[in-house]
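Comments concern the structure below.
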Amino acid sequence: MTESAERVVGRLRTAFTSGRTRSIAWRRAQLLALAKMLSDNEDEILAALATDLGKPRFEAWAGDIGASVSEAEYLAKHVGSWAKDDSAPLPLPFRPGRASIRYQPRGVVLVIAPWNYPVYLLATPLAAALSAGNAVVCKPSEVTPATSALITRLAGEYLDPEAIVFVEGGVDETTALLEQRFDYILYTGNGTVGRIVAEAAAKHLTPTTLELGGKSPAIVDRDANLKQAASRIAFAKWSNAGQTCIAVDHVWAHRDIHDELVDRLVTEVRERYGINPRESKDFGRIVNERHTERIKVLLDRGGYDEIVLGGEIDIDARYIAPTIVTGTKPSAALMSDEIFGPILPVLSFDDIDEPVAHINASDHPLALYVFAKKHADGVLDATTSGGACVNDTMMQVFPPSLPFGGVGESGHGAYHGKWGFETFSHRRAIYRRPGFFVEPALAKAPYTAFKERVARFVY
Ligand code: NAD
């Protein structure tokens, strides 16, 4: 970092207190500039994502560029009406008077992003922070160096440098930033670093949104549409080679449909990536050798009956084949940590209460997917997770009307659409009395038994 963290934050604080970032015009202009930055430089961004993650062109465009552009444009379109004061009703004792809620920017905020969707997971929190009128420090992930360097350079060209700063670097740079006082921090990544962020934030009483991960299950009951279930699980598991926070981590299949579901999953892989997925231009790579090795260890440690598909791992090429493992025991290593890779363990159950009990005995997941007719609502009622889908996967993330965030170990707080605007806004309660109003004698000492009786009646 050429400029110290202290200077960066000090500079942004000066910009924020000058009022530069507050107008709706500035917010809209920055949001549209962000959308333009991503659209204008699509080819370069796609190339950087291919270098870092071997991201297939379609997935990189849809998951990183398209989704970010549409979020920034959506916020630009609506921020004018969201930023208006909300009026609040007043009970009798507070009349005559007027109550309102004013959405104020929080101030100087920090966005820390991970590597798996290195554009989307930086651009969408940034857009939310801009929509609320904040000055923003963005910290892209060092794990995807080509993409991080590119978006940092582009941000310098397209966005207001007085109020939006990208800081590249690793642990040292993030640590230096976390020593500063921010008015809000949104962190996306793993829970271990999430705790470091929360501790640093607590020193300044800075509120946070922590977007973490976890083991998101899919449950497929005996009355599910298996063709749909297999197709939608395949989409969530093997897009971005399984490196998606809301990917299906593992599948619970009812014993009656287990074999058919597994056959259909195998067919889905073949249809999508052919007989040799290594040669498919549509199947990504693991982000680095360390993560490839980490996933390999989970597979090598066993705790399952059979690898029915895939299993090939090439550490140097960062390649792990789409892999399906059956007869998985709940005690298997694959069931201990978030897999975050293209290996799908399948467990079987006889009664829907079994996966429900397992989910409730584990950390709350970021997502839960249930493919069922009769028991779908029962599963939703008996469990919790950041978000959920019935008969689908990952779709809970895209509608801007839905909040995106975790619960418990999968994080806290939420953003997307208006939820992001609210996350990065302080809701200031304002009460106004008309000037002509005469002070009620009731609230004035000396207090008497009569005044107390009246007060008890009025309230
Ligand atoms: P990562 O390694 O890129 O880390 C994320 C950020 O934390 C980076 O900017 C990095 O510089 C910073 N960081 C790393 N170590 C640090 C330290 N010791 N002190 C301070 N900062 C530090 O990404 P990751 O954590 O490997 O990301 C994968 C995880 O993120 C998975 O668990 C996944 O489920 C989760 N995730 C969650 C979401 C979500 O929206 N909830 C989205 C994507 C990923």
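The values are calculated or read from the model by the stated rules, or taken from the named source; none is laboratory data. If you're wondering where the values come from, they're calculated on a predicted model, not measured in any experiment. So basically every Cβ, Gly included, is an ideal-geometry build from the backbone, and we count neighbours across all protein chains shown. With ligands, DNA and RNA removed, areas are computed over all heavy atoms of the protein, side chains included. Shrake-Rupley method; radii C 1.70, N 1.55, O 1.52, S 1.80 Å.
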Of the candidates A149, A163, A127, the one satisfying the condition of being modelled with pLDDT of 95 or more, away from the ligand (no atom under 11 Å from the Cβ), crowded, with 24+ Cβ neighbours inside 10 Å and not hydroxyl-bearing (S, T, Y) is A127
Residue check: is I286 of a type in the set (A, V, I, L, M, F, W, C) and either open to solvent by less than 30 Å² (accessible area, probe 1.4 Å) or part of a loop (DSSP other than H, G, I, E, B) (or both)?
yes
Output the qualifying pairs, or none if there are none: Cβ atoms under 8 angstrom, residues six or more apart or on different chains, first residue in segment 111-122 and over 12 Å from L212 (Cα atoms) and free of Cβ contacts under 8 Å to residues at least 12 places away in the same chain, second residue open to solvent by less than 10 Å² (accessible area, probe 1.4 Å) and near the ligand (Cβ under 6 Å from one of its atoms).
none
Sort out which residues of segment 426-451 are in a helix (DSSP H, G or I) and open to solvent by 100 Å² or more (accessible area, probe 1.4 Å), and write them in order of number.
F450
Identify, from the list R270, R232, R278, the residue that is more than 21 Å from I307 (Cβ to Cβ) and either under 23 Å from the mean Cα position of the chain (by Cα) or modelled with pLDDT of 95 or more (or both).
R232
Of the residues in segment 130-146, those that are within 16 Å of Y187 (Cβ to Cβ), assigned to a loop (DSSP other than H, G, I, E, B) and away from the ligand (no atom under 14 Å from the Cβ) come to N134
Of the criteria (1) among the polar types (S, T, N, Q); (2) surrounded by fewer than 19 Cβ atoms within 10 Å (Cβ to Cβ); (3) under 30 Å from A132 (Cβ atoms), which one S68 fails
(2)
Has segment 266-274 got any residue that is part of a loop (DSSP other than H, G, I, E, B), buried (at least 23 other Cβ atoms within 10 Å of the Cβ) and out of contact with any His (no Cβ under 9 Å at 6 or more places or on another chain)?
no
How many residues does segment 46-101 contain that are charged (D, E, K, R) and either within 27 Å of N240 (Cβ to Cβ) or touching a Pro at 6+ places or on another chain (Cβ under 7 Å) (or both)?
7
Pick from A176, A218, A200: which is away from the ligand (no atom under 11 Å from the Cβ) and either buried (at least 23 other Cβ atoms within 10 Å of the Cβ) or outside any loop (DSSP other than H, G, I, E, B) (or both)?
A218
Of all the residues that make up segment 382-416, how many are more than 15 Å from the ligand (Cβ to nearest atom), out of contact with any Lys or Arg (no Cβ under 8 Å at 6 or more places or on another chain) and on the phi > 0 side of the Ramachandran plot?
0
Please verify whether L121 is buried (at least 18 other Cβ atoms within 10 Å of the Cβ), outside any helix (DSSP H, G or I) and in contact with a Pro (Cβ under 7 Å, 6 or more places away or on another chain), treating the condition exactly as stated.
no
Within segment 179-197, of all residues that are part of a loop (DSSP other than H, G, I, E, B) and within 11 Å of the ligand (Cβ to nearest atom), the one surrounded by the fewest Cβ atoms within 10 Å (Cβ to Cβ) is E179
